[in-house]
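First comes the structure, then the notes that go with it.
The values are calculated or read from the model by the stated rules, or taken from the named source; none is laboratory data. Bear in mind the structure is a predicted one, so any value in this text is a computation, not a measurement. All Cβ positions, even for glycine, are placed from backbone atoms using ideal geometry, and neighbour counts span all protein chains on display. For the accessible areas, the whole protein counts, side chains as well, though only heavy atoms, and no ligand, DNA or RNA atoms are used. Shrake-Rupley method; radii C 1.70, N 1.55, O 1.52, S 1.80 Å.
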Amino acid sequence: MPGWLRRHRGIIPYLFLVPGGLWLTLFFVVPLITTASVALQEGSLGTGYRLTFNFGIFVEAIQTWDTQLVRSLQFGLIVTVLTMLIGYPMAYTIAFRGGRYKNILLLFVIMPFFTSFIIRTISWKFILADQGFVLGTLKDLGIVEDSFRLLATPVAVISGITYNFLPFVVLPLYVALERIDPRLIEAANDLYASRFQAFLRVTLPLSISGVFAASLLSFIPAVGDYLNAELLGSRNETMIGNVIQRLYLVNNDYPQASALSLILMLGILVSVVVYRRFLRGQELTV
Amino acid sequence: MPEADVRLDRVTKRFGDFTAVDDLSLTMERGEFFALLGPSGCGKTTTLRMIGGFEEVTAGTVYLGGADVTELPPFKRNVNTVFQNYALFPHLDVYENIAFGLRRRRVPEGEVRAQVKFMLKLVDLPGYEKRRPNQLSGGQQQRVALARALINSPQVLLLDEPLGALDLKLRKQMQVELKRIQSEIGITFIFVTHDQEEAMTMSDRIAVMREGRIEQLGRPEELYERPASSFVAGFLGVSNLLDGEVVGRHGELVDVQLGDGTLVRAPAAASNGDTHVRVGVRPEKLRVTSSHTEAPRSVEDTNALEGTVLDASYIGVSTQYIVQTADGHKLTVYAQNLETSGASEALADGQTVQLTWRPQHTFVIARTDRDVDATPQYEEGQVPS
Ligand SMILES: Nc1ncnc2c1ncn2[C@@H]1O[C@H](COP(=O)(O)OP(=O)(O)O)[C@@H](O)[C@H]1O
Ligand SMILES: [Mg+2]
């Protein structure tokens, strides 16, 4: 065997791909095929399922759940914009002004991960509660009306998702910004660019790969998220993730749940491709 | 009196407790090629960055063309910089890199195109418009950086070790190129380098810096022929230094008695009236002769020292001797191989010789506490002691 390996040295790098490849085949490709096949089956738990190539199910699913699909994309988009607006300045400050506190500041960014995602979202429920310490106090002071509520509104759900995915945005942005040579910004200033112009013409284009990675890491999980809508929202904030979860686990309507999952995947894939083209255009503008 | 283009008036820069530039005053004249020369860490870059506006001054005033610009940000100063390692924009092609400054000033497209074209020709890079910086060699990047700065027709161009990253051959070539470009467009160049040879061949004037101060300022030949301190003498080439006392004066010359009692003569003007001095002479000014062929010598117009050859190395153009004097000083001598035709004719190791030189070629340095020799960067690698 070592003799064989020695003769085919070129193969060694590919051997390193084997564990990851097996892992992905097992936990991504196989489920994906299963999901696709389940979507195209008809039947019920009682009578059993048969593969009927019922492509009409996709149309049916979109028609039934169009509100939730659109809402998910909307929420995902808003969350992405918000995380970017909050995260970019954070990453920028840490990268360019962090000095010797860089690592500590980054630690603060990922600190929330030390506690479970669910626990943190539940605590948001307490914070935003109608008579919780924030709204309760504001109401006692007469600053907001008694009927005002945050819980069970889009604001609560979007804030929750934004909060949960912020670190995923800050980290790739930080990595991209930290790589930029500060002398490039000085060079821009030297060539008559104001601070803002230097940002627009040099810093931003050079961090665009980070912006892309960061927005994917917030948009994709945000669109598919169901926990925040579940805990912080009402029926009016139901997202597609909640629908899929209910179809699978409550209604046991596996074909429809699978079809919706595939539609969601495809929707995200298309958004990503469109977005990538848009950014590529941006990068080249001067 | 030529017009001042850049003037630093008692400028100081501190980083915390550390003083990088210390109460520095300097005037650069219009159209001049001015070099800031000194060892690494002496404050050259910091000085340049204060002129460019990248570093706030702790105290003092910076004038550009007579106007006080101390408080102005870089983009409001009419100077441009060629950065150490160039700092080209990696996401822009050569054309857009060069056009960057004009675009920020909203110059019309047609004019931008014409000027970029002109600049590419000036730096000898036509046809490279569409290349990205990472597709260029070091020398080409250097030219783009130069074009990117010059296209703005700045009043002053600042260059921070612009040739430092190039190999020796390219470096020599770019030195000539830079000189040509500077004389073609006639703007002031302020050039930072730690390479004495580069500074000497390129500059009209050189300020030798040391620990945030100017050690000596002058034309290259002034600095070389009449260094004002051991530091300058050692930094600009090889020099032989001998301690002595001024014991008398004869018109234009002073008598200096060396440690071993020998009397040598030096120009009185150079001695500045000091008594405790160091006399110096450059290796190529020394004549070495075998003691047997005792040359007729008169103290009036020749200085002479006896010594023993420690080492002779034949280097083609010249032969380098290390000669030890009676009291142990080692002197370096470059003897041109005018009449000899090979190593065999050189003086042999251990031979007793006489070193002679003209009093006018002697320089005099006051002995001070700061008399520590510089770490010179000459090529032959012999350190005079
Ligand atoms: N931003 C800074 N903070 C602290 N010290 C600095 C800074 N910039 C330069 N220095 C110090 O100032 C001194 C002069 O630096 P510099 O001007 O870069 O020297 P040179 O260009 O002559 O090599 C050095 O000792 C350097 O360490
Ligand atoms: Mg420097």
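Considering only protein heavy atoms and a probe of 1.4 Å, how much of the accessible area of region B:54-192 is carbon and sulfur, as a whole percent? Present the calculation step by step, with values, prior to reporting the outcome.
Numbers: 2940 of 5920 Å².
Carbon and sulfur: 50 percent of the exposed surface of region B:54-192.
Quick one: putting +1 on the C-beta of Lys and Arg, -1 on the C-beta of Asp and Glu, what dipole do you get for chain B around its Cα centre, in Debye to the nearest 20? Mind dumping the intermediate values first?
Details: 42 positive and 53 negative charges, 397 e Å.
Approximately 1900 debye in magnitude.
Which three lengths, in whole Å and largest first, does chain B cover when its Cα atoms are put on their principal axes?
That gives 79, 48, 38 Å along the principal axes, largest extent first.
Could you sort the residues of region A:198-221 by number and keep only those whose accessible area is reduced by 20 Å² or more in the all-protein-chain setting relative to the chain alone, 1.4 Å probe?
Residues shielded by partner chains are A:R201, A:V202, A:L206.
Tell me what chain B gives for mean residue ellipticity at 222 nm when only DSSP H runs of n ≥ 4 count, each as -39,500 (n - 2.57), the sum divided by the residue total, rounded to 500 deg cm²/dmol. Each step should come with its number before you reach the end.
Working: 9 runs with 88 residues, N = 385.
The per-residue figure over chain B is -6500 deg cm²/dmol.
In what sequence, largest accessible area first, do B:L253, B:L120 appear using a 1.4 Å probe?
Numbers: B:L253 25, B:L120 0 Å².
Putting B:L253, B:L120 in descending order of accessible area: B:L253, B:L120.
Just going by the charge dipole of region A:66-280, with Lys and Arg at +1 and Asp and Glu at -1 on Cβ, which of A:N242, A:T83, A:S258 is farthest out on the positive end?
The one lying farthest along the dipole's positive direction is A:T83.
For B:T262, what charge total do you get from the other residues with a beta carbon under 10 Å from its beta carbon, if Lys and Arg give +1 and Asp and Glu give -1? Don't jump to the answer; show the numbers that get you there.
On the way: positive: none; negative: B:D260, B:E306, B:D327.
Summing Lys and Arg as +1 and Asp and Glu as -1 gives -3.
List the residues whose amide H sits under 5 Å from the amide H of B:F191, counting only those 5 or more places along or on another chain, with H placed 1.01 Å from N in the peptide plane.
Sorted by chain and number, the residues that satisfy this are B:F34, B:A35, B:L36, B:L159.
May I ask you to derive the relative contact order of region B:23-165, considering only C-alpha pairs under 8 Å and at least 6 residues apart, and to give it as an integer percent?
Values: 159 pairs, mean separation 42.4, N = 143.
Value for region B:23-165: 30 percent.
Read phi for every residue in region A:119-134 and hand back ³J(HN,Hα) as whole Hz from Karplus 6.51 cos²θ - 1.76 cosθ + 1.60, θ = phi - 60°, with x for Gly and Pro.
Residue by residue, region A:119-134 yields 4, 5, 6, 5, 5, 4, 4, 5, 4, 8, 3, 3, 10, x, 6, 7 Hz.
Which ³J(HN,Hα) values in Hz, rounded to whole numbers, follow from the phi angles of region B:57-72 under the Karplus curve 6.51 cos²θ - 1.76 cosθ + 1.60, where θ = phi - 60° and Gly and Pro get x?
Once θ is set to phi - 60°, the couplings for region B:57-72 become 7, 7, 8, x, 10, 10, 10, 10, x, x, 9, 6, 10, 3, 9, 7 Hz.
Check B:K13: other-chain or 5+ apart residues with amide H under 5 Å from its amide H, H built from backbone geometry?
B:A20, B:V21, B:D22, B:D23, B:T58
For region A:66-280, what does the relative contact order come out to in percent, with C-alpha contacts under 8 Å and a separation of six or more?
Values: 230 pairs, mean separation 62.4, N = 215.
Relative contact order for region A:66-280 comes out at 29 percent.
Working with all protein chains in place, sort B:S183, B:S137, A:S207 by solvent-accessible area computed with a 1.4 Å probe, largest first.
Details: B:S183 90, B:S137 60, A:S207 0 Å².
The ordering from most to least exposed comes out as B:S183, B:S137, A:S207.
So how strong a dipole does chain A carry about its Cα centre when Lys and Arg Cβ are +1 and Asp and Glu Cβ are -1, to the nearest 20 debye? Each step should come with its number before you reach the end.
On the way: 21 positive and 16 negative charges, 235 e Å.
The calculated dipole for chain A is roughly 1120 debye.
To the nearest hundred square angstrom, how large is the accessible surface buried between B and A, total for both chains, probe 1.4 angstrom? Spell out each step's value before the answer.
Working: alone 18420 and 17590 Å², together 33860 Å².
Approximately 2200 Å², summed over both chains.
List, in order, the whole-Hz ³J(HN,Hα) value for each residue of region A:87-101 obtained from phi through the Karplus relation with A = 6.51, B = -1.76, C = 1.60 and θ = phi - 60°; use x for Gly and Pro.
Each residue of region A:87-101 in turn: x, 4, x, 4, 4, 4, 5, 5, 5, 9, 10, x, x, 7, 8 Hz.
If a/c stays under 1.5 just call it rounded; otherwise compare a/b with b/c (prolate if a/b is bigger, oblate if not). Do that for region A:66-280, with a ≥ b ≥ c from the square roots of the Cα gyration tensor eigenvalues. Could you put the intermediate results ahead of the total?
On the way: a/c = 2.29, a/b = 1.42, b/c = 1.61.
Oblate shape, in that a/c is at least 1.5 and b/c is the bigger or equal ratio.
Would you compute the Debye intensity of the protein assembly as shown from its alpha-carbon atoms alone, equal scatterers and no solvent, and pass along log10 I(q)/I(0) at q = 0.06, 0.09, 0.12 Å⁻¹ to two decimals?
-0.59, -0.95, -1.24
Can you pull the Rg over Rh of region A:6-56, Cα-only, Kirkwood?
Details: Rg = 18.7 Å, Rh = 13.9 Å.
Answer for region A:6-56: 1.35.
Scanning chain B for trypsin sites (Lys or Arg not before Pro) in DSSP loops with at most 14 other Cβ atoms within 10 Å, what's the longest stretch left with none?
Values: sites that count: B:R105, B:R106, B:K130, B:R297, B:R370.
Counting only loop sites that pass the neighbour cut-off, the longest clear stretch is B:131-296.
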